[in-house]
Structures are given as C-alpha cells and as structure tokens.
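None of the figures in this text is laboratory data; all of them are computed from the coordinates on show. Since the model is a prediction, treat every value here as computed from it, not as a measurement. Heads up, the Cβs are rebuilt from the backbone with ideal geometry, glycines too, and the neighbour counts pull from every protein chain shown.
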Amino acid sequence: MAIDQAEIARRLRAAREACGMTQETVAEKLEVARSTIAQIELGNREVSGLELDRLAYLYGRDLREFLQDQFREVDVLVALLRADPEGARGEKVLDAVRECLALGRELANLDQLLGISREVKSPATYRLPPPSGRWEAIEQGARIATEERRRLGLGSSPLGEMAELLDTQGVRVGLVELPEEVSGLTVVEPHLGAFVVAHKRQHWLRRRYSLAHEYAHVLLDRDRQGTISRAADRDSLIEMRANSFAAAFLMPETGVREFVAQLGKGRASRTHAQVFDGVGVVPAEGRSEPGSQDLKLYDVVLLAHHFSASRIFALYRLRNLRLVTDAEFESLRARDEEGAGDEIARLLDLHEPDHTQARNEFRHRVMARALEAYRRGLISQGKVIHLGKTVGLRRDDVFELLDRAGIEESDEEARPPRAEEHR
C-alpha cells in the first residue's frame with residue numbers, strides 16, 4: 001500500500017478521533033493554529049517530521065505506525081480510554097500514560113536495535129472466567145499467585161528484586177512520575193510486549209507491591225491491552241483480584257506461617273489429638289503458656305523485613321491469615337503508627353535501602369543499552385541524551401557517563417556510520 005500524504009493525513013485524523021480529541025485541543029498542545037491541524041488532516045499541508053513525532057506522542061502511538069503498510073485504528077491509548085473512560089481522560093493521567101508509552105517504546109526500540117529478543121521468555125497466561133463477586137476475585141488472585149510461584153520454582157521464600165523478576169519473564173518495567181491517584185499501569189501491545197509501570201515517587205516497598213499488582217494484570221488481564229490502577233477503582237473485581245495476587249505472591253501463606261513458627265509462635269493456645277493404638281484411640285491435649293503465642297510488634301518488624309514488605313502490609317497479611325485477631329491488629333497498628341516500629345527496626349539494625357538509589361533502580365537497564373547502541377553506531381549522541389533524560393540524567397551527566405565509559409576516546413573512529421534512528 002502506498003503511504004502518500006493523503007494516507008498519512010487520514011491516519012492522523014483517525015488517530016485523533018479515536019482518542020476523542022478535537023482539532024482545537026491538538027492545536028493547543030502543539031501551539032499551532034487549528035487551521036494548521038485541519039490542513040494537515042485534509043492532506044493539503046505536508047506534515048514535518050517533528051510535527052509527526054509530536055502528534056504520535058500525543059496520540060500514544062509509535063511514529064512508525066503512520067508510515068507502515070498496516071495501520072491499527074485502535075491502539076493502546078484508545079483501549080485504555082475505552083476501558084476506563086472516566087479515569088483515563090483526566091489530563092494528568094493522560095499525560096502520564098503518554099509518557100509511559102513513549103518510555104516503553106524507547107526500551108523496545110533499544111532491545112530491537114541490539115538484537116535482544118524477549119520471545120525466549122514470555123509471561124505466562126492464566127485464562128480464568130471474570131470473577132462473579134469479591135470472594136471469587138480474592139480466591140482467584142491467591143490461587144494464581146500460588147500457581148505462579150510454583151511455576152517459577154520460588155517455593156515459599158521471599159522474592160528478590162521485583163523488576164529483575166519481571167524482566168526474566170519478558171515483562172519490561174518502567175518508573176514514571178504518575179498522578180497521586182494512580183499507583184501503576186499495565187500495557188500489552190505487539191511492539192511493546194508486556195510493559196508495567198510503577199509510580200516513581202512511591203516508597204520503594206509500595207512500588208514493590210505495585211509491580212506485583214501490575215504483574216497480576218499481565219498474567220490475568222492481557223486481553224484488555226492495558227489497565228490503569230487507580231485508588232478510586234480499588235473495589236473493582238479485577239483490582240481486588242490483582243491485590244489478592246500481590247499479597248499472596250509477595251507474602252505466601254506457607255512462608256508466613258513457617259516464619260512465624262520459627263519464632264516459636266502461631267500455634268493454638270490449646271490443641272487436641274487422638275492416638276490410635278490398634279483397638280481404639282487415646283485422647284491427648286496440649287496447652288501453650290498463656291500469652292506465649294501472641295505476636296508482638298518486634299515479630300511484625302522481623303516478618304516485614306524478611307519479606308521486604310511494609311509493616312502495615314505484614315499486619316494485614318497476618319490478620320487475613322488469622323494469625324492475629326482484629327483487636328491485636330488494631331493494637332499493633334497503633335503502636336507502629338506511634339513510631340515504635342521504626343525504632344525497633346533501627347535498634348535491630350534492619351536498615352532500608354537508599355530511597356533515591358531504589359527510585360532509579362532501572363536507570364542502569366536503560367543507559368547500559370543506550371551506551372551499547374551508541375558504541376555500535378545505532379543511535380546518535382542526541383538520542384543518548386534524550387534517553388538519559390527519561391531516567392533523570394542531566395545532559396552533563398550523560399557527557400560524563402560517555403567520557404567515563406571511554407566510548408568517545410576509543411570507539412568513535414571504529415563505529416560504523418550511524419543507522420537510522422527510531423523515536
């Protein structure tokens with residue numbers, strides 16, 4: 001199919017209308033007159049490369065989509081708008097989604113340029129009927145978490161770094177500053193593959209939970225193309241299922257009970273047994289020392305540290321597993337909110353990682369690929385600077401990185417002519 005000016009114009013108009021945007025809105029975003037957009041969409045005015053790039057970003061598209069033989073009328077951004085028409089149309093949320101899509105495509109393009117294939121390891125798919133109610137949603141999430149742990153050979157042990165785990169399963173991970181009401185989002189699309197994003201400014205433990213939550217959407221809701229996890233939707237069944245998955249995936253019931261047992265706790269205050277002697281049974285009863293099985297705040301601190309979870313998350317997990325009563329939960333939570341948990345962790349030398357370092361935990365993934373692509377002559381220095389900006393590196397930082405890597409000095413003449421870049 002010939003991709004001429006008229007066809008590009010038609011595609012641009014289709015992409016705008018699919019997003020529910022007016023020509024006036026697009027013109028305002030691009031800081032041009034509405035008539036300029038109208039003339040471009042009529043095919044009367046040729047669109048420049050820079051304009052096409054900005055329009056593609058605005059519509060949540062890859063620039064190359066407008067130039068390829070096949071053009072999809074419904075893309076990821078459109079799917080998100082249709083799935084969540086109220087939440088996704090907020091300007092802050094839309095801007096965040098655009099940034100996420102752009103970042104995901106940068107990562108996918110780098111992988112493609114470097115010949116890094118993600119088809120060797122692709123995420124599993126669990127096809128379940130939509131939950132009919134809250135209890136079924138919770139049950140499905142917990143069951144699939146157990147099954148996924150079994151599939152990955154994780155047993156009941158604490159998980160390592162979530163971003164690395166997802167990466168081994170063919171899921172790209174990004175950190176983006178999202179609106180406060182959005183904890184994360186998931187996108188599944190042919191070029192991107194599975195891509196999950198967590199809120200960059202969240203506490204690292206909360207981000208860890210968010211990544212587990214979004215992984216549930218990858219495993220269970222892939223047919224939706226994308227989901228936006230908002231606080232306002234916490235009561236929706238698919239969000240409840242994803243939260244149940246995250247809880248059981250990060251703190252498996254068996255692992256929690258084993259840890260509590262190692263503390264010498266978790267047993268009932270009174271236990272009964274019957275021993276069969278070949279003829280009949282002999283009853284026996286055991287009693288624990290009063291109060292010896294009660295979990296204290298220092299136990300919660302140790303449990304949370306063991307599973308790299310927040311103390312409030314660990315408390316809710318203990319309550320849901322009936323290892324603490326509602327009254328004990330409230331008492332322990334009150335003491336933790338007063339600061340006792342922080343003091344216990346400090347005195348036990350249970351230090352948290354550096355939050356700034358944790359926030360930029362995926363920077364090395366992006367920049368390592370960018371450096372290698374630049375060394376091979378696949379991208380320009382300007383593209384390296386642009387990629388650095390997406391992960392919080394200033395222009396001067398990128399120049400220093402290039403200098404420290406020795407690429408400019410040792411590889412400049414050896415690099416082949418730069419290949420055509422992709423946005």
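Given segment 76-250, report the % of alpha carbon pairs whose separation exceeds 22 Å.
40 percent
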Cα-centre dipole for segment 76-250 with unit charges at Cβ (Lys and Arg positive, Asp and Glu negative), debye to 20: 300 debye
Simple SL model, points at 7 angstrom along Cα→Cβ for Asp403 and Leu63; separation in nm is 2.9 nm
Collect residues whose amide H, placed 1.01 Å from N in the peptide plane, falls under 5 Å from the amide H of Arg72; neighbours closer than 5 in sequence don't count. none
Which ³J(HN,Hα) values, rounded to whole Hz and listed in residue order, are derived for segment 49-65 from phi using the Karplus coefficients 6.51, -1.76 and 1.60 in 6.51 cos²θ - 1.76 cosθ + 1.60 with θ = phi - 60°, glycine and proline given as x? x, 5, 5, 5, 4, 5, 5, 4, 4, 4, 8, x, 10, 8, 3, 5, 4
Placing +1 on the Cβ of each Lys and Arg and -1 on the Cβ of each Asp and Glu in segment 76-250, which of Val78, Leu103, His213 has its Cα farthest towards the positive end of the resulting dipole? His213
Solution diffusion estimate, µm²/s, Stokes-Einstein, segment 362-411, Kirkwood Rh from C-alpha pairs, 25 °C, viscosity 0.890 mPa s: 233 µm²/s
Is any residue of segment 292-309 close enough, with backbone N under 11 Å, to a label point placed 7 angstrom from the Cα of His203 along the Cα-Cβ axis, and if so, which? 309
Going by amide H atoms built from the backbone, whose H comes under 5 Å of the H on Gly184, apart from near neighbours? Ser229
Förster-model FRET efficiency, 41 Å R0, Glu147 and Leu50, C-beta, rounded to 0.05: 0.25
q = 0.18, 0.20, 0.21 Å⁻¹, segment 1-73: log10 I(q)/I(0) [Debye, one scatterer per Cα]: -0.61, -0.77, -0.85
Quick calc, Leu348 & Arg134: beta-carbon distance into FRET formula, R0 30 Å, rounding 0.05, result 0.20
Which loop-located trypsin sites (Lys or Arg not before Pro) does segment 90-165 contain, where loop means any DSSP state but H, G, I, E or B and the Cβ has at most 16 other Cβ atoms within 10 Å? Lys121, Arg127
Pairwise centroid distance, computed over Cα atoms, of segment 119-164 with segment 3-81, Å: 38 Å
Pulled fully out, how much extra length does the chain show between Ser380 and Leu30, if you take 0.36 nm times their separation in residues and subtract their Cα-Cα distance? 123.5 nm
What are the ³J(HN,Hα) couplings of segment 215-225, residue after residue, when phi is run through the Karplus curve with 6.51, -1.76, 1.60 and θ = phi - 60°? Round to Hz, x for glycine and proline. 4, 4, 5, 4, 6, 10, 10, 5, 5, 7, 6
Amide H of Val176: which non-local residues (sequence gap of 5 or more, or other chain) have their own amide H closer than 5 Å, using H built in the peptide plane? Ala198, Lys200
Tell me, what ³J(HN,Hα) does each residue in segment 97-103 have, in order and in whole Hz, if you take phi through Karplus 6.51 cos²θ - 1.76 cosθ + 1.60 with θ = phi - 60° and put x for Gly and Pro? 5, 4, 5, 5, 5, 5, 5
I want to check the label-to-label distance for Val275 and Ala14. Put each point 7 Å from Cα in the C-beta direction and report it in nm to one decimal. 7.9 nm
